[in-house]
Structure formats: structure tokens, C-alpha cells
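Everything on this sheet refers to the single structure shown next.
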Amino acid sequence: MIYVDTSVLVALCAPEPMTAAVARWHASTDEELISGTWCVTEFASALGIKQRTGQLTREQAASVWRAFERMCAADLQLTPIEPPVFYQAALLTLDASTGLRAGDALHLATALGCKAKSIATLDTLLATNSKKRKIKPVEF
């Protein structure tokens, strides 16, 4: 099972510098893909930022959102996030040495809770912290 961070989901659905590499990886993997339900809110936030900064029009953002919904329905298992996972994320952010902010700590805590063996992320800090906890980052 591969835990998928929102950064990868955005690159799969919207034009990003890493879109081609992430799309090749996605097309070649036969592993089960999972992400926490938090990715839905985080994905929507990324689309809002892209609209506010002029990277996407409203129509383009709507199209990207539909692509994300299709991916969630077909390729991605969304797992609920239970209170103990939020607590684990809090502990990860409380440890200043991780450098993690709340959203990435929540992803890592969810991946740990799911017992993911790998994590697909474009965030180097999340990848570093995942490695320290025996979750192997996907190489793109």
C-alpha cells in the first residue's frame, strides 16, 4: 500500500512542474493507493490558491476538481481520520525537530496509522520525516 500526499494528487490532476513524472509513476504502479480524507480539503485549498494567483481559471479549477473526484472514485481509497491519528499528528508537530506543519503531520500520522510501506509525496520535509519512521518515499 502506498500512502499518497496531496502534493502528488494535485500534480496528477493539475499542471505542475512534476506532473509528467508523477503521471508516469501513477500509470506504472499496481499498488493500492490510499490517502486520508484530509486530502479532499487540502486539494480544494490548493485549487483555491491556484485560482487566486491566476494559475487556473474558475473553469479550469472546476475541471481539475472533476478529475480529482474521478481519481478518488477509481484509484484512491480515502481513509477516515480518527481522533488518535489527530493526536499523533499533534505530537509530530509538537516535536520541533520534525519541522512539520499540521497538514503534513496529519498525512504522516495517517500513513503510520494505515501501516503504509511507502509514501508518494513531492514534499521533501514530509519525505525525510517518513523515512525516519520507516516509510519509504516514492522516487519520481
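Read-outs throughout are calculated quantities, based only on the coordinates presented, and are distinct from any laboratory measurement. Not measured: the values here are computed from a predicted model. All Cβ positions, glycine included, derive from the backbone under ideal geometry; neighbour counts span all protein chains shown.
Residues in segment 84-110 that are under 28 Å from D30 (Cβ atoms) and in contact with a Gly (Cβ under 8 Å, 6 or more places away or on another chain) were compared, and the one that is surrounded by the most Cβ atoms within 10 Å (Cβ to Cβ) is H107. Among all residue pairs at least 6 apart or on different chains, which show Cβ distances below 9 Å where the first residue, located in segment 83-99, is of a type outside the set (D, E, K, R) and the second is assigned to a helix (DSSP H, G or I) and exposed (fewer than 15 other Cβ atoms within 10 Å of the Cβ)? Close Cβ pairs (under 9 Å, with a partner that is assigned to a helix (DSSP H, G or I) and exposed (fewer than 15 other Cβ atoms within 10 Å of the Cβ)) amount to A89/A102; A90/A102; T93/A102; T98/L125; T98/T128; T98/K132; G99/L125; G99/T128.
Within segment 112-128, residues that are part of a helix (DSSP H, G or I) reach partners that are of a type in the set (D, E, K, R) and surrounded by 17 or more Cβ atoms within 10 Å (Cβ to Cβ) with beta carbons closer than 6 Å, at six or more positions or on different chains, in the pairs L126/D104. When restricted to residues that are out of contact with any helix residue (DSSP H, G or I) (no Cβ under 7 Å at 6 or more places or on another chain) and of a type in the set (G, A, S), segment 3-21 contains 3. Scanning segment 71-106 for residues that are more than 14 Å from the chain's Cα centre (by Cα), closer than 13 Å to L125 by Cα and part of a helix (DSSP H, G or I) yields a count of 5. Restricting segment 11-22 to residues that are aliphatic (A, V, I, L, M) and either more than 15 Å from V138 (Cβ to Cβ) or exposed (fewer than 14 other Cβ atoms within 10 Å of the Cβ) (or both) leaves a set whose member that is nearest to the chain's Cα centre (by Cα) is A14.
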